[in-house]
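Beneath this line is the structure, given in structure tokens, with notes to follow.
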Amino acid sequence: MDIESLSPPVHQESRKQALLKKKRGGWRAIKYIIANESFEKLASMSLIGNLSVYLTTKYNLGGVFLVNIINIWFGSCNFLSIPGAFVSDAYLGRFWTLLLGSIASLLGMGVMALTAAIPRLRPEACNDPTNCLNPPAKWQLAVLFSSLGLLAIGAGAIRPCNIAFGADQFDTGTKKGKAQLETFFNWWYFSFTVALVIALTGVVYIQTNISWVIGFVIPTACLALSVTTFVIGQHTYICQKPKGSVFADMVKVIAASSKKRKLKSGEGVSFYLGPSTDGSSTTLIQNRQRLGFFDKAAVITDPNELNDEGKTKNNWRLCSLQQVKNLKCVTAVLPVWVTGIACFMLTDQQNIYGILQAIQMEKTFGHNFNVPAGWMNLVSMITLAIWISLYECVILPIARQITGRKQRLTMKQRIQIGIVMGIACMIVAGFLEKDRRASALKNGSFVSPVSIVMLLPQFVLAGLTEAFSAVALMEFLTVKMPEHMRAVAGAIFFLSSSVASYICTLLINVIDKVTREEGHSWLGDKDLNKNRLENYFFIIGGIQVVNLIYFRFFASRFVTEKEKDNRDF
């Protein structure tokens, strides 16, 4: 008799899965995943980097309405990563979520390309940008919003799954798998950087100076290649089955603890541990003098809450201790997460109002070369890359030679430095805007004679803000979360950017309403020369000051890290 036929079904299934993993995954799958990611990022970043210019020049949009559209779209792209992660973990799995997200992005970019190719989908061009009387019709805006909506849905599906799906292709339980995973991360960030540079230089230049049609057909073709490449590699992927969402578990813990909110501490409290590795279920009895609010979700108050196998009958009333711990991990990072929101408020507004400033500045170099306004976003990215390279390759080695110790800037120090950079950024931006507007009014022209080069300091400072604060925040979230919640850390990081965009939308509308009632809106006119944009920059700077005080005296206490020496580099 065949020995394999005598093996238990469970072991046979495990053996089949092991053989399948040998045939799938690894670098044979990663090449398709990285190609898919590179094409998708090139497409999305070429739109993000130049959307302000397109809506201003081709849709005759400006003022608060333009900023609202971009802020809400930015916020939605980041916010939808949470339902995207939920759908992936609970229902579809990462492969199908990525595929459907890529298709949604392709359709969205295709519609955007049609708006550039078919003049009827846009309003008539304005000869005088200071007095434009051709606003887009409601149906034209509906077409535009359908494109942005599809792109937001695609981003929400792709962002929480792309890195995680790549990590699924390696066996991280072995040293070889861990080394391969680290190499994958390096190649992933390398491909991301290359795609970013191409998008923000070549594609943006084509859009601005040659043709918007060609400039949008290129990213549409890239997304088509992204989907095609991803599907071709399907036979090489290891596709993990959905195992339930951590986000759904957190909601269940909140619901269960709310139902048991009147439960008091006592001796011999029984906690539900949940299923163990062998499939059985266990409980733990502890003496608790103080029972935390969320701990109550795991307390067994009635033996009937468990079935005959010792498992919970209703996980909306009784949750495992692990589910409670997962929620506590998230609540523990919230004070520092709030700091990140304020930092993203600054960087998001630079990506919008900074580009609008560039549109109304002198951009000609030499005889005929016009610098695309969208290129200014590249300055922040280059600054971030240069600083990280200098810090890792020059500053740290020199510091080690001088002190003889491996010393780095702590997360607390980096976040605080980033906030200070943000304050400086808004001060510089405010005074530059005053000078830009004064020179334009003196010249009596829509475009100020001040060179676009003068925007470099504020974009450099914005890049340094991101290099210190945003990178440290991502590191903090990753370190604080257990390994099985790393995807949650990424979703929370994107959520902070989303909340920042929505808060800025609310703030801008409040400022516009209040100042308009007083006689003249600071932000309401399409022509920046008629606004008081510098006052808005100073308000954002004031928020950064409050953020610095909040972090220094409150949130920094939640950044737990061993600091042997306050002089760490």
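Placing unit charges on each Cβ (+1 for Lys and Arg, -1 for Asp and Glu) gives segment 122-253 a dipole about its Cα centre, and among Leu151, Ala248, Ile206 the Cα reaching farthest toward its positive end belongs to Ala248. Using the Cβ of Arg122 as centre and a radius below 15 Å, the other residues enclosed give a net charge of +2, where K and R count +1 and D and E count -1. Could you tell me how far the Cα centroid of segment 420-462 sits from the Cα centroid of segment 361-408, in Å? Here the two parts' Cα centres lie 20 Å apart.
Net charge in the neighbourhood of Ile82 (other residues with Cβ under 13 Å of its Cβ; Lys, Arg +1, Asp, Glu -1) is 0. Accessible surface computed residue by residue for the chain, with neighbouring protein chains in place and a 1.4 Å probe, gives 48 Å² per residue. Panel note: the C-alpha atoms of the chain, placed on their principal axes, show extents of 89, 58, 57 Å (largest first). Against the main long axis of the alpha-carbon atoms of the chain, helix 138-158 sits at an angle near 40°.
To the nearest ten degrees, helix 533-553 and the longest principal axis of the Cα atoms of the chain are 30 degrees apart. Distant-in-sequence amide contacts of Arg408, defined by a placed amide H-H separation under 5 Å and a gap of 5 or more residues or a different chain, comprise Phe569. Using the Cβ of Val204 as centre and a radius below 15 Å, the other residues enclosed give a net charge of +3, where K and R count +1 and D and E count -1. Between amide H atoms placed 1.01 Å from N, distances below 5 Å from Met361 occur with Ser448, all of them 5 or more places distant or on a separate chain. Taking the Cα centre of the chain as reference, the dipole from Cβ charges on Lys and Arg (+1) and Asp and Glu (-1) amounts to some 1060 debye. Phi-derived couplings, Karplus 6.51 cos²θ - 1.76 cosθ + 1.60 at θ = phi - 60°, listed residue by residue for segment 53-61: 5, 4, 5, 6, 8, 9, 10, 6, 8 Hz, with x used for Gly and Pro. The figure for Trp139 is an accessible area of roughly 110 square angstrom, using a 1.4 Å probe on the protein chains alone.
For Leu273, the amide hydrogen comes within under 5 Å of the amide hydrogens of Thr282, Thr283, Leu284, Leu321, counting only partners 5 or more places away or on other chains and with H modelled in the peptide plane.
On the chain, 63 percent of the accessible area sits on carbon and sulfur atoms, based on a 1.4 Å probe. Using the rule -39500 (n - 2.57) for each DSSP H run of four or more residues, divided by the residues of the chain, the 222 nm mean residue ellipticity is -21000 deg cm²/dmol. Along segment 83-99 the Karplus relation, 6.51 cos²θ - 1.76 cosθ + 1.60 evaluated at θ = phi - 60°, assigns HN-Hα couplings of x, x, 5, 5, 4, 5, 6, 9, 10, 8, x, 6, 4, 5, 5, 5, 5 Hz to successive residues, with x for each Gly and Pro. Whole-Hz Karplus values for segment 426-436 come out as 5, 5, 4, 4, x, 5, 5, 5, 4, 5, 4 Hz, taken residue by residue from phi with 6.51 cos²θ - 1.76 cosθ + 1.60 and θ = phi - 60°; glycine and proline positions read x. Rg/Rh, computed from the Cα trace of segment 356-435 with Rh as the Kirkwood radius, has the value 1.13. Against the chain, whose longest principal axis comes from its Cα atoms, helix 175-198 is set at around 20 degrees.
The values are calculated or read from the model by the stated rules, or taken from the named source; none is laboratory data. Please read all numbers here as calculations on a predicted model, not as lab measurements. Ideal geometry is used to build each Cβ from the backbone, glycine not excepted, and the neighbour counts take in all protein chains shown. Just the protein is used for accessible areas: all its heavy atoms, side chains included, with ligands, DNA and RNA removed. Shrake-Rupley method; radii C 1.70, N 1.55, O 1.52, S 1.80 Å.
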